[in-house]
Amino acid sequence: MEIIKGLHTIDDTGFVNIYLLVEENGLTIVDTGIPGNAKKIAEYARSVGYKSTDIKTIVLTHADLDHSGSAKQLKELTGAEIAIGVLDAPRVEGKMELKAAKGLSAMLLGAVSKFGSFETFKPDILLKEGDRVESLSVLDTPGHTDGSICLYRERAFMFVGDALRGDDNGGVQPPSDNMTYDIEKAWESIKKLSHFECDIMLPGHGKPVMPDASKKVRELLQKHYS
């Protein structure tokens, strides 16, 4: 589904949002969902007029299985480079365990693992605050994981991974306690995001936060700290 011109969310890939962004030099995929989505992502690219090999870059907002699970497969299918925050790289490389979930979220991820095991891989690009990947600026937003990042196109939109969640009406919800590594750091990262003006925020779960996304985030912070 096209959200705005050149920015798509890929349908029928499970409970995690996967985004396709048309860039000058090809396509960028933001997050890949659970294992088994690589062919669906490539098929979606073809359905909107591109070749699977037009996918040049895969950016992961963080290392969790439900976001990075198809990265290796998609790279093998398309030849794209994989980029991830430098502090989350050891987890996808298999040098550190993937982050453990708590409560019902742990049961959900356990069920997800039945669709396919996580395949470790070595990222091609390690990202940190101030870097650019294609047309997007990188923001370090730890909390959900140590190396969580957000990706910002100035005054237009921002990919926020699991730093925030969307509801069914274009509104914003706070991050999940059960899935967040350090909830205080997560709120500090939300404060940081509130200083960047954009109309659309694109979360890993839920519908896009739009319009007036930045205003909605500031209102969320006021409720949390009131």
| request: Only residues that are assigned to a strand (DSSP E or B), of a type outside the set (A, V, I, L, M, F, W, C) and touching a His at 6+ places or on another chain (Cβ under 8 Å): list them for segment 146-167, please. | output: G161, R165, G166
| query | Which residues, counting only those in segment 66-77, are in contact with a helix residue (DSSP H, G or I) (Cβ under 6 Å, 6 or more places away or on another chain) and surrounded by fewer than 23 Cβ atoms within 10 Å (Cβ to Cβ)? | reply | Q73, L77
| request: Select from segment 1-21 the residues that are in contact with a helix residue (DSSP H, G or I) (Cβ under 9 Å, 6 or more places away or on another chain), assigned to a strand (DSSP E or B) and among the hydrophobic types (A, V, I, L, M, F, W, C) and list them in ascending order. | output: L20
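E93 - would you say it is touching a Phe, Trp or Tyr at 6+ places or on another chain (Cβ under 8 Å) and surrounded by fewer than 23 Cβ atoms within 10 Å (Cβ to Cβ)? Explain how you work it out, then say what you get.
Details: touching a Phe, Trp or Tyr at 6+ places or on another chain (Cβ under 8 Å): yes; surrounded by fewer than 23 Cβ atoms within 10 Å (Cβ to Cβ): yes.
Against the criterion (touching a Phe, Trp or Tyr at 6+ places or on another chain (Cβ under 8 Å) and surrounded by fewer than 23 Cβ atoms within 10 Å (Cβ to Cβ)), E93 qualifies.
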| Residue that is farthest from A63 (Cα to Cα) [pool: residues in segment 27-52 that are touching a Phe, Trp or Tyr at 6+ places or on another chain (Cβ under 8 Å) and of a type outside the set (A, V, I, L, M, F, W, C)] | G36
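Report, by residue number, each residue of segment 152-191 that is more than 18 Å from L7 (Cα to Cα), of a type outside the set (A, V, I, L, M, F, W, C) and open to solvent by less than 60 Å² (accessible area, probe 1.4 Å). Show your work before the answer.
At the first step, the residues of segment 152-191 found to be more than 18 Å from L7 (Cα to Cα) are 162-165, 167-169, 171-191.
Filter once more, so that each one left must be of a type outside the set (A, V, I, L, M, F, W, C): 162, 165, 167-169, 171, 173-178, 180-182, 184-185, 188-189, 191.
Hits for segment 152-191 are D162, D167, G171, P174, P175, S176, T180, D182, S189.
Condition test on K128, is it out of contact with any Pro (no Cβ under 6 Å at 6 or more places or on another chain) and open to solvent by 30 Å² or more (accessible area, probe 1.4 Å)?
Numbers: out of contact with any Pro (no Cβ under 6 Å at 6 or more places or on another chain): yes; open to solvent by 30 Å² or more (accessible area, probe 1.4 Å): yes.
Taking the combined requirement at face value, the residue satisfies it.
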| request: Please identify the pairs in which a residue from segment 1-22 that is charged (D, E, K, R) has its Cβ atom under 9 Å from the Cβ atom of a residue that is open to solvent by 10 Å² or more (accessible area, probe 1.4 Å) and part of a strand (DSSP E or B), counting only partners at least 6 apart or on another chain. | output: E2/H8; E2/T9; K5/V22
| request: Return the total of residues in segment 192-226 being without any contact (Cβ under 8 Å) to a residue 24 or more places away in the chain, closer than 22 Å to E2 by Cα and of a type in the set (K, R). | output: 0
| Would it be correct to say that D66 is modelled with pLDDT under 95 and touching a strand residue (DSSP E or B) at 6+ places or on another chain (Cβ under 7 Å)? | yes
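Quick one: in segment 203-222, which of the residues that are outside any loop (DSSP other than H, G, I, E, B) and open to solvent by 30 Å² or more (accessible area, probe 1.4 Å) is farthest from L60 (Cα to Cα)? Show your work before the answer.
Looking only at segment 203-222, we keep the residues that are outside any loop (DSSP other than H, G, I, E, B), and these are 203, 209, 213-222.
Keeping just the survivors that are open to solvent by 30 Å² or more (accessible area, probe 1.4 Å) gives 215-216, 218-219, 222.
Values: K215: 26, K216: 24, R218: 25, E219: 27, Q222: 29 Å.
Per the criteria, the residue is Q222.
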| query | Taking segment 2-20 as the search range and keeping residues that are over 15 Å from G204 (Cβ atoms) and modelled with pLDDT of 95 or more, which one is farthest from the chain's Cα centre (by Cα)? | reply | K5
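From the list K192, K216, K207, pick out the single residue that is among the charged types (D, E, K, R) and within 16 Å of the chain's Cα centre (by Cα). Reasoning before the result, please.
On the way: K192 fails: within 16 Å of the chain's Cα centre (by Cα); K216 fails: within 16 Å of the chain's Cα centre (by Cα).
The match here is K207.
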| note | Residue count, segment 131-145, condition open to solvent by 50 Å² or more (accessible area, probe 1.4 Å) and either modelled with pLDDT under 95 or part of a loop (DSSP other than H, G, I, E, B) (or both), comes to 1
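The values are calculated or read from the model by the stated rules, or taken from the named source; none is laboratory data. Everything numeric in this text was worked out from a predicted model, so none of it was measured. When we count neighbours, we look across all protein chains shown, and the Cβ atoms used for this are built from the backbone with ideal geometry, even at glycine. Accessible surface areas use protein heavy atoms only, side chains included; no ligands, DNA or RNA. Shrake-Rupley method; radii C 1.70, N 1.55, O 1.52, S 1.80 Å.
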